[in-house]
Amino acid sequence: MPRTVTLAGGADLEGFRRACRALWAEQVEPGRVRWRTGGEAAEALDAGAGPPPSATPPFARALHVPAAFMPLCEQVVLHRDAGRFDLLYRLLWRLQTEPGLRHDPGDADWVRAREMAREVHDDMVKSADGGEAPRSLLALRVALERCRECPIGEHATQAVPGEGPRHARLMFVGEQPGDQEDLQGRPFVGPAGQLFSRALAELGIDRRTVYIGNAVKHFKFELRGKRRIHKTPAQEEAAACLHWLETEIALVDPEALVALGATAARQLMGFAVAVTRSRGQWLKRADGRRVLIALHPSALLRMEPEDKEAAYAAWLADLRQAVASKGAL
Ligand code: URA
């Protein structure tokens, strides 16, 4: 009996991953799976909704996913070819059962998957050149990397897009990547990011369940000797970046946002917000989305040691409202 997997949409990577884990746990061979996407008539089994990890039979072999496979999937799922999920699941299955496969670049399945990834990438570049707004977070990442609408990108190591689940209900927005973020290509991983992660953990928020990004996508700095010192982006630079932030918000479609600091608050609201006066308050954007105003973690790092503890407690209390906010998590 073939198994039918119904994914939420044509590019439902998360659903595909879950389904792969469930199918592998049950040792369902690739030839026995029919992949469907949301728009098509759904049939019986929905392995995408599949058994939770705890329901995985204890005897099932662990699924090994080589590091390069997920980035390949991210692109291939965006291809129009109706056989893309078949191909990816077959490759994943074969990677488990044919040890030499990952070192065989001439294998027909590899060749086809790489070809599809390249076609998707080329399409993204074409739409970015045509001025179209990216239609996926991956396309956004490609477009950001090429952006030179303001001078900042010329000097940064790379663009730093936000990270988190595509449909996270809560989105945090900072100012711009710092030195570490610029080097690692991930938001909030330097000293301010570590304080932010600690706050999330203390609030019981799993960082992986929320979307975390920045108002400006490249690191602006000035060189002092060998050190790169953060410089606040100018209003025109932030304004040039606004459409990227709005694209990100439209793609993630969060129920609520948290503005960390003045730059984020201004970009999200469209007017200057006095953060020290408005912190802990919810404002409403023109699109109806609610925005909680909070201090930026760097502001806490800069405080006098004797003020830090109380300020941190007050910051946590402000951020706690985002957790308490109905349906935000
Ligand atoms: N500060 C920010 O605003 N964003 C980061 O990603 C890191 C530091």
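No lab work stands behind these numbers, since they all come straight from the coordinates. Keep in mind that what you see is a predicted model, and the values were worked out from it rather than measured. Cβ: placed from backbone, ideal geometry, glycine included. Neighbour counts: every protein chain shown.
The calculated FRET efficiency for the pair Ala286 and Arg112, based on their C-beta separation and a Förster distance of 45 Å, comes to about 0.50. Pairs from the table (Lys126/Lys284; Lys231/Lys284; Lys126/Lys220) lying more than 31 angstrom apart at Cα are Lys126/Lys284. Calculated [222 nm] ellipticity per residue, helices only, for the chain: -13500 deg cm²/dmol; basis is -39500 (n - 2.57) per DSSP H run with n ≥ 4, divided by all residues, nearest 500. Per-residue extension of 0.36 nm, minus the Cα-Cα distance of Thr232 and Arg135, leaves a gain of 32.0 nm for this segment. Taking amide hydrogens as placed 1.01 Å from N in the peptide plane, the amide H of Phe221 sits under 5 Å from those of Lys231, each at least 5 positions away in sequence or on another chain. For Lys217, the aspartates and glutamates whose Cα falls under 16 Å of its own Cα, not counting residues fewer than eight places away in the same chain, are Glu145, Glu149, Glu154, Glu163, Glu175, Asp179, Glu181, Asp182, Glu236, Glu237, Glu246, Glu248. Here's how it looks for Arg34: its modeled amide H is under 5 Å from those of Arg3, Thr4, Val5, which are all 5 or more places away or on a different chain. Only Lys, Arg, Asp and Glu carry charge here, each on its Cβ (+1 for the first two, -1 for the last two); on that basis the range 102-181 has a dipole of about 260 debye about its Cα centre.
Sorting the segments 208-214, 292-298, 62-68 by their residues' average number of neighbouring beta-carbon atoms within 10 angstrom, most packed first, yields 292-298, 208-214, 62-68. The stretch between Ala250 and Met1, if pulled fully straight at 0.36 nm per residue, gains 85.6 nm over its current Cα-Cα span.
To the nearest 20 Debye, how big is the dipole of the range 219-281 about its Cα centre, given +1 on the beta carbon of each Lys and Arg and -1 on that of each Asp and Glu?
That gives a dipole near 660 debye.
Scalar couplings 3J(HN,Hα) for the range 110-125, obtained by applying the Karplus form with A = 6.51, B = -1.76, C = 1.60 to θ = phi - 60°, are 4, 4, 5, 5, 5, 4, 5, 4, 5, 4, 4, 4, 4, 4, 5, 5 Hz; x denotes Gly and Pro. Across the range 278-283, coupling constants 3J(HN,Hα) worked out from phi with the 6.51/-1.76/1.60 Karplus curve, θ = phi - 60°, read 9, 4, x, 9, 8, 10 Hz, and Gly and Pro carry x. A simple spin-label model places pseudo-atoms 7 Å from Cα toward Cβ; at Arg277 and Phe69 they are separated by 5.6 nm. Summarising the amide proton neighbourhood of Val258: residues at separation of 5 or more, or on other chains, whose placed amide H is nearer than 5 Å comprise Met171, Phe172, Val173, Leu292.
The order of the peptides 109-118, 14-23 by mean Cβ neighbours within 10 Å, most packed first, is 14-23, 109-118.
Just the number, please: percent antiparallel of the DSSP beta bridges in the range 163-296, rounded to the nearest 5. Of the beta bridges lying entirely in the range 163-296, close to 40 percent run antiparallel. Taking label positions 7 Å along the Cα-Cβ direction at both Leu223 and Gln194, the computed distance is 2.7 nm, reported to one decimal.
The 3J(HN,Hα) values that the Karplus relation (6.51, -1.76, 1.60; θ = phi - 60°) gives for the range 249-258 are, in residue order, 5, 5, 6, 7, 6, x, 7, 8, 10, 10 Hz. Gly and Pro appear as x.
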